[in-house]
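The values are calculated or read from the model by the stated rules, or taken from the named source; none is laboratory data. Predicted model only: the values in this text are computed from it and were never measured. Note: ideal-geometry Cβ built from the backbone for every residue, glycine included; neighbour counts use all protein chains shown. What goes into the accessible areas is simple: the full protein's heavy atoms, side chains included, and nothing from ligands, DNA or RNA. Shrake-Rupley method; radii C 1.70, N 1.55, O 1.52, S 1.80 Å.
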Amino acid sequence: LTYAWIFNEYPTFVHQDNRRFVSQETGNLYIAKVEASDVGNYTCVVTNTVTNSRVLGPPTPLILRNDGVMGEYEPKIEVQFPETVPSAKGTTVKLECFALGK
């Protein structure tokens, strides 16, 4: 399976950059430092790479709050590493770790 996100309407996909990341482990979309240009509807697209079939989830709206409430919460580190990660010599291993909170 592969994961992608549509921003507002197809064919506008979310492009990963220094603020946006799509986890290929969980399918989650992470956006750091949300800006006004991020406001809109996000739709998850899951693709079966064997059959090349796609399924779209329901649109999820992102709304920028103007009331000054930041929704602060305690810092949290999300790590879901397996006990061991077998790999062949010379291959690349990618481990995902996220720090959330204020």
Q) When only residues in the range 4-19 that are open to solvent by less than 50 Å² (accessible area, probe 1.4 Å) and not β-branched (Val, Ile, Thr) count, which is farthest from VAL93 (Cα to Cα)? A) PHE7
Q) Of the residues that make up the range 46-60, is at least one closer than 11 Å to ILE6 by Cα, surrounded by 12 or more Cβ atoms within 10 Å (Cβ to Cβ), free of Cβ contacts under 8 Å to residues at least 24 places away in the same chain and not polar (S, T, N, Q)? A) yes
Q | Identity of the residue in the range 75-102, of a type in the set (A, V, I, L, M, F, W, C) and assigned to a loop (DSSP other than H, G, I, E, B), that ends up modelled with the highest pLDDT | A | ALA88
Q | Residues located in the range 19-51, provided they are closer than 21 Å to ILE63 by Cα and assigned to a loop (DSSP other than H, G, I, E, B) | A | ARG19, GLY27, ASN28, ALA32, LYS33, VAL34, GLU35, VAL39
